[in-house]
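Just so you know, all these numbers are worked out from the coordinates, no wet-lab data involved. If you're wondering where the values come from, they're calculated on a predicted model, not measured in any experiment. We place every Cβ from the backbone using ideal geometry, glycine too, and count neighbours over all the protein chains shown.
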Amino acid sequence: MPPLRHAIERYYLSIFIISLIVMSILLVFIFHSLAIKRIDQEILVFANDLLRFLEKPESQPVAIFGKKNYAFYVTEEGKIIASYNLPDDFRIPKSSGFHTIGYYRYFRQNFGEYQAVVARSLKDHFTLLVSLCSVLTVVLIPLILIVLFFGRKLTRKLTQPIEMIGEQMQLVSKGVLERISIEPTSQEAEILQKQLNDAIDRLNKVMEELRDFATTISHQLRNPLASAKTRLEVLLREELTGNVRFEIERVKHNIDRMVEITSQLLLIARVQHTTPKNFQEEDLSSLILESLDQIAAKYSEREIIFNELKQIKIKCVGPLLIQAFANLLDNACKYSNSQKPILLNVEEHKDSVIVEVCNHGEPVPEQDRDKIFLKFYRSSNVTTEGLGLGLAVVKAIADLHKAQVYYKYETGLNKFGIILPK
């Protein structure tokens, strides 16, 4: 879909060109009509003089001096009695009146026993028409270019606020800007800016209330869940029958899941409340090594292969990035072949750093790949128990750092990555 500015330019330029062409054609037609009318009057005067002379030869003779464009043909009772300057392609019209045949304008009239045909060459007229068309073309081309130049400037000035609003809305959605600020060129643009800022303020207020509510609920759940978990652990130390112990262990397992869910939700809420003001310069390799230490303690039997880590300085919230890398590694260990190693690659580019975690396993189905970073979403082919929050946490942390997350399946490897800007 073309930009609005280009669409407007094409629209007004098409209308302008069509209007100019129509006006030019109309002008040529009017000029042609007026010229033919003048020529007809001249032919009529010449024909009347000719017939007057034929009726009264003793009267003033017909002046044909300077009439090289004229020709006539007169018959009396079917016999030619006079002719002048007849061209090779001279024709006699079938009916009386004026006719245009080829490059000649003909006039035929019967006066009793006389029949007169007067013709005038239109070559000079057509030459003048061609000259007029040439002049109009020469004038129209630079006029169209001038209108195109100034029209583009005007269109750019009128659409610039809309383009700026679109660009700033993208920055607002990414969290770079909090409000839209442009220099309006019209009252409508100023009203649009105000309405969008009001909508952004209302949306931020609602989102803040939702985040506060989620944080409050998570905090309120943690304490009773921790208390219930402690009581169950005390009960499990007692001598219990098999069925009772089994049921208590199931309840404890579910409470552990609830504790993990509230912890992850609190972490997402913390990420959403964090601002770039909290960023500090960190060594990315150190953050990755700390996340590796966490995973090594949890999956001591898993082999993790990574390339040489160089010192790379980036501005970030260190603990959050450690959590993001740890979640990717945990996800790779949990949903992969335990007999094959986990691969961790770090690629440094001019403006970004790519941290990619790869594992051997079944690929994520095509229909699920756009949803795996959503909260509580689990791929349809997953059988291992999980919460569906690990990748959602990674996505939230990546969004905070203006980073991109991706998944792809290549050469038998599931590849989850983060593209961090420098």
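Net charge within 12 Å of Gln41 by Cβ-Cβ distance, Lys/Arg positive one each and Asp/Glu negative one each, not counting Gln41 itself?
Charge balance near Gln41 sits at +2.
Once a ≥ b ≥ c are taken as the square roots of the eigenvalues of the Cα gyration tensor of region 246-325, is the result rounded (a/c under 1.5), prolate (a/b larger than b/c) or oblate (a/b not larger than b/c)?
Taking the square roots of the gyration eigenvalues as a ≥ b ≥ c, region 246-325 is oblate.
Mind listing the long-range amide H neighbours of Tyr104? Cut-off is under 5 Å, sequence gap 5 or more, other chains count too, H placed in the peptide plane at 1.01 Å from N.
Here the answer is Leu122, since their amide H atoms fall under 5 Å of that of Tyr104.
Given the rule -39500 (n - 2.57) for each run of at least 4 DSSP H residues, summed and divided by the residues of the chain, what is its mean residue ellipticity at 222 nm, to the nearest 500 deg cm²/dmol?
After summing the helix terms and dividing by residue count, I get -20000 deg cm²/dmol.
Want the number for Ile80 to Ile15: 0.36 nm per residue separation, take away the alpha-carbon distance, what's left?
Full extension of this stretch gives 17.7 nm more.
How high is the relative contact order of the chain? Use alpha-carbon pairs under 8 Å, at least six apart in sequence, and give a whole percent.
That works out to 9 percent.
By how many degrees, between 0 and 90 and to the nearest 10, does the Cα long axis of helix 4-55 differ from the longest principal axis of the chain?
10
Hey, what angle do you get for helix 187-236 against the long axis of the chain, alpha-carbon based, 0 to 90 degrees rounded to 10?
Roughly 20 degrees, rounded to the nearest 10.
Assuming 0.36 nm per residue, please report the length gained on full extension of the stretch Asp351 to Ser338 beyond their Cα-Cα distance.
1.2 nm
Could you tell me which of the pairs Lys56/Lys79; Lys157/Lys315; Lys310/Lys375; Lys37/Lys94; Lys277/Lys415; Lys298/Lys340 are separated by over 27 angstrom between their Cα atoms in the structure shown?
Exceeds cut-off: Lys157/Lys315; Lys310/Lys375; Lys277/Lys415.
How many angstrom lie between the Cα centre of region 114-155 and the Cα centre of region 73-92?
One Cα centre to the other: 36 Å.
Pulled fully out, how much extra length does the chain show between Gln280 and Leu27, if you take 0.36 nm times their separation in residues and subtract their Cα-Cα distance?
Once the chain is fully extended between Gln280 and Leu27, it gains 83.8 nm.
Given a Förster radius of 51 Å and the C-beta distance between Glu366 and Leu140 as r, what FRET efficiency does 1/(1 + (r/R0)^6) yield to the nearest 0.05?
Efficiency, rounded to the nearest 0.05: 0.35.
Among Pro142, Pro87, Pro341, which one shows the highest mean-square fluctuation when the chain is modelled as a Gaussian network with alpha-carbon springs under 10 Å?
Pro87
Expressed as a fraction of 2.2 N^0.38 Å, the rule-of-thumb size for a compact globular protein of N residues, what is the C-alpha radius of gyration of region 79-186?
In units of the globular-protein estimate, region 79-186 measures up at 2.54.
Counting only residues 5 or more places away or on other chains, whose amide H sits under 5 Å from the amide H of Ala82 once H atoms are built in the peptide plane?
Result for Ala82 returns Val74.
In the chain, what % of DSSP beta bridges are antiparallel (nearest 5)?
Just about 95 percent of them are antiparallel.
Choose one answer from Phe279, Phe29, Phe213: the residue with the largest mean-square fluctuation in a GNM of the chain with alpha-carbon springs under 10 Å.
Of the options given, Phe29 has the highest mean-square fluctuation.
Note the angle between two axes, namely the Cα long axis of helix 242-273 and the longest principal axis of the Cα atoms of the chain, as a number of degrees from 0 to 90, rounded to the nearest 10.
50
Using a simple spin-label model with points 7 Å from Cα along the Cα→Cβ vector, what separation in nm is obtained for Leu132 and Glu190?
5.0
Provide the per-residue ³J(HN,Hα) series for region 117-131, in order, calculated from phi with Karplus coefficients 6.51, -1.76, 1.60 and θ = phi - 60°, each as a whole number of Hz, with x at glycine and proline positions.
Along region 117-131, the couplings run 10, 10, 10, 10, 5, 9, 4, 5, 5, 5, 4, 5, 5, 4, 5 Hz.
List the residues, sorted by chain then number, that are 5 or more residues from Phe111 or on another chain and whose placed amide H is less than 5 Å from its amide H.
Correct list: Ala116.
Could you work out, for the chain, what percent of all Cα-Cα pairs fall into each 10 Å distance bin, beginning at 0 Å and stopping at the bin that holds the largest distance?
Answer for the chain: a P(r) of 4, 13, 15, 13, 10, 7, 6, 6, 6, 7, 7, 4, 2, 1, 0, 0 percent.
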